[in-house]
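Beneath this line is the structure, given in structure tokens, with notes to follow.
The values are calculated or read from the model by the stated rules, or taken from the named source; none is laboratory data. As the structure is a computational prediction, the values presented were derived from the model and not from experiment. Here the Cβ positions follow ideal geometry from the backbone for every residue, glycine too, while neighbour counts run over all protein chains shown. Note: areas computed on protein heavy atoms with side chains; ligands, DNA, RNA excluded. Shrake-Rupley method; radii C 1.70, N 1.55, O 1.52, S 1.80 Å.
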Amino acid sequence: MKTVFLNRKLFYLIILTALSFLYLFINIHYPINSDSISTLIISKDILHGNILLHGWELSAQSFYLTEILPYALLFGAAGWHLSFYYLVPALMWSIVIMLTATLSGKNILWGWPFLALLAVPSFWAVPLILSPCYHVGGYILMLLFWVIINKYPKLIQFDFSLKNAAIWSLISIFTALFMASDDLIKYCLTLPLIAACVLKTITSNKLTHPALALSMLCALGLEHAVKNALTHNGAFHVPGLWSSSFASKDRAAYNASVLLSGALNFFDADFLGKPISLLGTGRQIVHAVLAAVTLLFFCKSAINYKKWNIFQITSGLSFCIMIFAFIFSEITIDEKSFRYLIFPYLIILITSIQTTNLNFYSKILISFIGIVSIFLSYPKIDTLDYAKANNNYAINRYLASKNLSKGFGLYWIAAANSVPNVIRIAPVEFSQKRLKAAHTLTKPEWYADGGRFVLCNTEEEALKLEKAYGPADVTKIDNVFVTIWDHNITIPNE
């Protein structure tokens, strides 16, 4: 028995390693992203002793425990290196796939073709899950939560014992900390789990999992306390999301169209209006069919929702909440907003695999489709060029050759060009004819220090800068206009 257990652990380790290398190989062919590289810069500040990131203005969510801290821990153990920009997301997404397979149970033997759509992501999906790995740490924590609940089912039984009270208190505390790091956990786990416990209680006419519901309710209250404590103790500042309201009829129609096109692109299934051939759209149709069948299996199993366990009910409610929010709120921006629906898809995929029983011939057929799908999905990495994608950090090296260590850049250019040579580039945006601070992933002190250069996108923007701050030396590198002054300029931190 012990040998079987060790063999299983070894098998998981081999698969995890293989997936990590696959994702690392894919990821290094994509250019550095300002959002993601900021996570590395912030993590380095933690290692320099700024544990609570005093003075930092982070993103709409802090991602402190879910993304930033994993980088900081790795840097502390292995030293800071730019390669971790590619390695950590690859490892994190591998863990997501492994946990998804674990939760799928024995049915994963026939369900793996559907999981392959995520295990071999389309090139369109890679920037959503492997470049900026925002939310992926949250996926891991939520999946791990369910793995623990499945492994120790006695945890969800109502018991007034001191031991169980201590366990549920810890679960409440950790859930609150994770929600304070990533709000997605609230809408994909905490709220739907509370609703699931209520729904299960109503349908079964008996109190169901009260300890589980109570711990999640406590976590909601603790999350507010954690955020207040951080705010009043000199920790990082989170600007938060803009205020949102229900979308208008036209906006809801637009959001629905974005949902469809985003899903098609994510699964490499954007076949509408394209010629059908096995070299092109044939692969995309296979992907579209597998993604659609997942949803059909889920809808079929939803008819018998009264037989669902607490995970499956939570999955259904989470999926509904996120789809509703995607279509009827103003938070949806474009097709890349589909990243908010990746976790809901993961858990309805697990539910579909868990609750669908197939005969032998159906399993053989689906396995065959899976083999064809994976074969056709194999990423053609040779069509990508690592040197072209990252261009040997030409802008960063040019600034270093000019002995420039402080300056500014439009948001999506700034942090991406701050490595490998250490150059502080504060993110800015245009306000009429001048620049102002961009209050995301930055520090107010950067603007007080000023700088001698600005990175912008167009020649027109460079001309505006010269009118506002005086004559400058303008050089175009990689479609970015590097504007350099012989004197220091400052940007108001308004």
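So with the 1.4 Å probe, I'd like the accessible area per residue for the chain, rounded to whole Å². The partial results should precede the final answer.
Working: 24040 Å² over 494 residues.
I get 49 Å² per residue for this part.
Considering only Cα atoms, the convex hull volume of the chain works out to 186 Å³ per residue. Please give the residues of the stretch 246-270, grouped as numeric ranges, whose backbone N is less than 19 Å from a label point set 7 Å along the Cα-to-Cβ vector of Ala325. Residues 246-248, 252-253, 255-260, 262-263 fall inside that zone. Give the angle, between 0 and 90 degrees and rounded to the nearest 10, that separates the Cα long axis of helix 360-377 from the longest principal axis of the Cα atoms of the chain. The helix 360-377 is inclined about 10 degrees to the chain. Taken over the stretch 259-367, the alpha-carbon convex hull comes to 117 cubic angstrom per residue. Helix 310-328 and the longest principal axis of the C-alpha atoms of the chain enclose an angle of approximately 40°. Taking θ as phi - 60° and the Karplus parameters 6.51, -1.76 and 1.60, the scalar couplings of the stretch 418-423 work out to 8, 9, x, 5, 6, 10 Hz in sequence order, x denoting glycine and proline.
Per-residue accessible area (protein heavy atoms, 1.4 Å probe) orders Asp250, Asp478, Asp45 as Asp250, Asp478, Asp45, starting from the largest. Here the sum of -39500 (n - 2.57) over DSSP H runs of 4 or more residues, divided by the residues of the chain, equals -18500 deg cm²/dmol at 222 nm, to the nearest 500.
Rounded to the nearest whole Hz, the Karplus-based 3J(HN,Hα) values (6.51 cos²θ - 1.76 cosθ + 1.60, θ = phi - 60°) of the stretch 292-308 follow the sequence 5, 5, 4, 5, 5, 4, 5, 5, 5, 6, 5, 4, 9, 4, 5, 8, 5, with x at glycine and proline.
Between amide H atoms placed 1.01 Å from N, distances below 5 Å from Thr208 occur with Thr201, all of them 5 or more places distant or on a separate chain.
Can you tell me the dipole magnitude for the chain around its Cα centre, using point charges on the Cβ only (Lys, Arg +1; Asp, Glu -1), in Debye to the nearest 20?
Values: 36 positive and 27 negative charges, 332 e Å.
The dipole of the chain has a size of about 1600 debye.
Just the protein heavy atoms count here, and of the accessible area of the stretch 171-222 at 1.4 Å, carbon and sulfur take up 76 percent. In this structure the amide hydrogen of Gly450, modeled in the peptide plane, comes within under 5 Å of the amide hydrogens of Ile491, none closer than 5 places in sequence on its chain.
Assuming 0.890 mPa s and 25 °C, estimate D for the stretch 392-489 with Stokes-Einstein, Rh taken as the Kirkwood radius over Cα pairs, in µm²/s. Spell out each step's value before the answer.
On the way: Rh = 13.1 Å.
Value of D from the Cα-based Kirkwood radius: 187 µm²/s.
For the set Lys402/Lys467; Lys186/Lys406; Lys406/Lys436; Lys436/Lys476; Lys44/Lys406, the pairs lying more than 28 angstrom apart at their alpha carbons are Lys186/Lys406.
Relative contact order of the stretch 392-489, please, whole-number percent, based on alpha carbon pairs below 8 angstrom and at least 6 residues apart. Can you show the working numbers first?
Working: 162 pairs, mean separation 25.1, N = 98.
Relative contact order here is 26 percent.
The H on the amide N of Gly409, modeled in the peptide plane, is under 5 Å from the matching H of Ala426, Val428, Leu455, each at least 5 residues off or on a different chain. Computed from Cα atoms, the angle from the helix 84-104 axis to the main principal axis of the chain rounds to 10 degrees.
With charges set only on the Cβ (+1 for Lys and Arg, -1 for Asp and Glu), what does the dipole of the stretch 190-335 come to about its Cα centre, in debye to the nearest 20? The partial results should precede the final answer.
Values: 10 positive and 7 negative charges, 131 e Å.
Roughly 620 debye for the stretch 190-335.
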